[in-house]
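Read through the structure below, which is laid out as structure tokens, and then see the notes.
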Amino acid sequence: MSNPSILILAGDGIGPEVMGEVKKIITWYGDKRDLAFDVSEDLVGGCAYDKYGTPLHDDTMAKAQDVDAVLLGAVGGPQYDNLDFSVKPERGLLRLRKEMDLFSNLRPAQCFDALADFSSLKKDVVAGLDIMIVRELTSGIYFGEPRGIIEEGNERVGINTQRYTESEIARVARSAFELARKRGNKVCSMEKANVMESGILWRQVVTEVHDAEYPDVELSHMYADAGAMQLCRWPKQFDVIVTDNLFGDLLSDAAAMLTGSLGMLPSASLGAPMANGRPKALYEPVHGSAPDIAGQGKANPIACILSFAMALRYSFDQGAEADRLEQAVEKVLADGVRTADLLGPEGGVPVSTSEMGDKIIAALDASL
Ligand code: IPM
Ligand code: MG
């Protein structure tokens, strides 16, 4: 049997640096755990635009459809701010999500013990926090039609449309309930059923799927604004949160900040199973391309490394190896190893991106 295949799209800004550390870890798994992957690489975002005039070349799109998992770094940078909307770096990422039909975006927000002091919230509010936001990723206002900027009378009008079909809601709800069964068995669904018809339908369909297929899971509903407030007030009340594309974008950034550093948070974007049983999948850190620190060896590679851990768990059925990698990260943090973003007010000497990667590999070695 051939090795599982991975397409690496490191992208822009700090993407290539943090992905460099993931490549070392992929090599480690081949050498030390007999888990070899066929790795290929390509361009996405601004770097693809520079080379091809498009943020995602059709050939790259085709490769992404063909592999077992895509690992993405980050896209964007100030030099692309004035590009036409249709070729902005972000469009490359959105095309991948849409054409691979990656409807279920898993964004864990976990607070590492060693970093609990880092949160802007009190330590007892965040210590031990472990929640999972499941964000719908292929529909809603991000993709709904009509959209555009039109002339009406003597002024311009900007239009976007929030639109959800029943089946789109049902499938992301199922993925949230499935996950909940493997965790704390609780789902909180968030929408604005008090204001939006799409929110009314969302609540109905989530409830129907729950009652018919997952009555064992505890389900609650919250308006998304109240959900944002509750996330800041007492986040540990949540286990799995399921929500739409736009609310999920906002709520996951808020949840990320609870944990102290955006540099720590991974994500998985999953679609339907392929012929080999693996889900279509793309893994990426939640953080952006951080152009201000790009190329300086300052970036924290942990979010990207933990995204690979999610790939081990969700694409390659290697839960124990995913645990091993997550524990290696925890160990290194507990030892006080810090990239610049993780230095508190008391300061200290930060390690570089590649030193952080090396320390994690040393911890992996020690785990054997
Ligand atoms: C995210 C990002 C993207 C989004 C951008 C880069 C298009 O904010 O993944 O959360 O809005 O979905
Ligand atoms: Mg976002």
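The values are calculated or read from the model by the stated rules, or taken from the named source; none is laboratory data. All values reported here derive from a predicted model rather than from experimental measurement. All Cβ positions, even for glycine, are placed from backbone atoms using ideal geometry, and neighbour counts span all protein chains on display. Areas reflect the complete protein model, heavy atoms only, side chains present, ligands, DNA and RNA absent. Shrake-Rupley method; radii C 1.70, N 1.55, O 1.52, S 1.80 Å.
For region 101-118, filtered to residues that are open to solvent by 10 Å² or more (accessible area, probe 1.4 Å) and in contact with a strand residue (DSSP E or B) (Cβ under 7 Å, 6 or more places away or on another chain), the residue that is nearest to Arg338 (Cα to Cα) is Gln110.
Filtered by the rule that a residue be small (Gly, Ala, Ser), open to solvent by 40 Å² or more (accessible area, probe 1.4 Å) and within 13 Å of ligand 2 (Cβ to nearest atom), region 261-277 gives no residues. Looking across region 14-36, just one residue is surrounded by 18 or more Cβ atoms within 10 Å (Cβ to Cβ) and outside any helix (DSSP H, G or I), and that is Ile14.
One residue stands out in region 237-260 among those that are polar (S, T, N, Q) and more than 12 Å from ligand 2 (Cβ to nearest atom): the one that is modelled with the lowest pLDDT, namely Thr259.
Among the residues of region 183-208, the ones that are in a helix (DSSP H, G or I), among the hydrophobic types (A, V, I, L, M, F, W, C) and open to solvent by 10 Å² or more (accessible area, probe 1.4 Å) come to 2 in all.
Set side by side, the residues Pro78, Pro55 differ, and just one is within 12 Å of ligand 1 (Cβ to nearest atom) and over 15 Å from Leu282 (Cα atoms), which is Pro55.
Evaluation of Glu90 against the conditions (1) closer than 30 Å to Lys280 by Cβ; (2) away from ligand 2 (no atom under 16 Å from the Cβ) shows that the sole unmet condition is (2). Only a single item in (1) touching a Gly at 6+ places or on another chain (Cβ under 7 Å); (2) under 30 Å from Lys98 (Cα atoms); (3) crowded, with 21+ Cβ neighbours inside 10 Å is not met by Ala294, and it is number (3).
Would it be correct to say that Leu129 is surrounded by fewer than 23 Cβ atoms within 10 Å (Cβ to Cβ) and over 22 Å from the mean Cα position of the chain (by Cα)? In short, no. Being among the aliphatic types (A, V, I, L, M) and either modelled with pLDDT under 95 or in a helix (DSSP H, G or I) (or both) holds for only one residue in Ala303, Ala281, and it is Ala303. In region 152-175, is there at least one residue being assigned to a loop (DSSP other than H, G, I, E, B), at positive phi, exposed (fewer than 15 other Cβ atoms within 10 Å of the Cβ) and not polar (S, T, N, Q)? Yes; the residues of region 152-175 include at least one that is assigned to a loop (DSSP other than H, G, I, E, B), at positive phi, exposed (fewer than 15 other Cβ atoms within 10 Å of the Cβ) and not polar (S, T, N, Q).
Annotation note: of Leu102, Leu56, Leu96, the sole residue that is under 26 Å from Glu136 (Cα atoms), touching a Lys or Arg at 6+ places or on another chain (Cβ under 8 Å) and within 16 Å of ligand 2 (Cβ to nearest atom) is Leu102. Here the condition is being at positive phi and in contact with a Leu (Cβ under 9 Å, 6 or more places away or on another chain); of Gly288, Gly260, Gly271, it holds for Gly260 alone. Of the residues Glu213, Glu284, the single one that is closer than 21 Å to Thr138 by Cα and open to solvent by 10 Å² or more (accessible area, probe 1.4 Å) is Glu284.
For region 70-112, what are the residues that are touching a residue at least 12 places away in the same chain (Cβ under 8 Å) and acidic (Asp, Glu)? Answer for region 70-112, where residues must be touching a residue at least 12 places away in the same chain (Cβ under 8 Å) and acidic (Asp, Glu): Glu90, Glu99, Asp101.
Going by what's in this entry, would Ser289 be described as of a type in the set (S, T, N, Q) and either within 15 Å of ligand 1 (Cβ to nearest atom) or open to solvent by 70 Å² or more (accessible area, probe 1.4 Å) (or both)? Yes, satisfied. Of the residues screened, Asp66 is one that is open to solvent by 10 Å² or more (accessible area, probe 1.4 Å), touching a residue at least 60 places away in the same chain (Cβ under 8 Å) and more than 16 Å from ligand 2 (Cβ to nearest atom).
The single condition from (1) in contact with a helix residue (DSSP H, G or I) (Cβ under 7 Å, 6 or more places away or on another chain); (2) surrounded by 14 or more Cβ atoms within 10 Å (Cβ to Cβ) that Pro78 fails is (2). Scanning region 228-250 for residues that are within 16 Å of ligand 1 (Cβ to nearest atom) and either of a type outside the set (A, V, I, L, M) or open to solvent by 10 Å² or more (accessible area, probe 1.4 Å) (or both) turns up Ala228, Thr243, Asp244, Asn245, Leu246, Phe247, Gly248, Asp249, Leu250.
When region 340-368 is filtered for residues that are in contact with a Pro (Cβ under 6 Å, 6 or more places away or on another chain) and either at pLDDT 95 or above or among the acidic types (Asp, Glu) (or both), the ones remaining, listed by number, are Thr353, Met356, Gly357.
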